[in-house]
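Input: a single structure, listed below in structure tokens.
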Amino acid sequence: MNVQEELTKLLMESYDRGVKDATQAAIESFQEAMRLEREACAQIADAEASIEGVAQRIAAAIRARGNT
């Protein structure tokens, strides 16, 4: 393998690692955004007046969706 081929190989490996890292970071950011949205919805339910615990059950169900 000549120098140009070796450099090309190294650059492609570096690019592939960068794409994988960026993809993983995007997935983690999306997961965090979903968690924050679920918690915001659950907090709204928590804040509502409860009729026989309905709001608390709704909030618990919203939070539980993040555990599946």
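Read-outs throughout are calculated quantities, based only on the coordinates presented, and are distinct from any laboratory measurement. As the structure is a computational prediction, the values presented were derived from the model and not from experiment. When we count neighbours, we look across all protein chains shown, and the Cβ atoms used for this are built from the backbone with ideal geometry, even at glycine.
Some notes on this structure:
- Residues satisfying the stated conditions in region 27-57, i.e. among the hydroxyl-bearing types (Ser, Thr, Tyr) and in a helix (DSSP H, G or I): SER29
- Test: residue in region 11-26 that is assigned to a helix (DSSP H, G or I) and in contact with a helix residue (DSSP H, G or I) (Cβ under 8 Å, 6 or more places away or on another chain): no
- One residue from GLU5, GLU39, GLU13 being within 19 Å of ALA64 (Cα to Cα) and among the acidic types (Asp, Glu): GLU39
- Where a residue in region 22-42 is in contact (Cβ under 8 Å) with a residue 24 or more places away in the chain and its partner, wherever it lies, is among the hydrophobic types (A, V, I, L, M, F, W, C) and part of a helix (DSSP H, G or I), with Cβ under 9 Å and at least six apart: ARG38/ILE62; GLU39/ILE62
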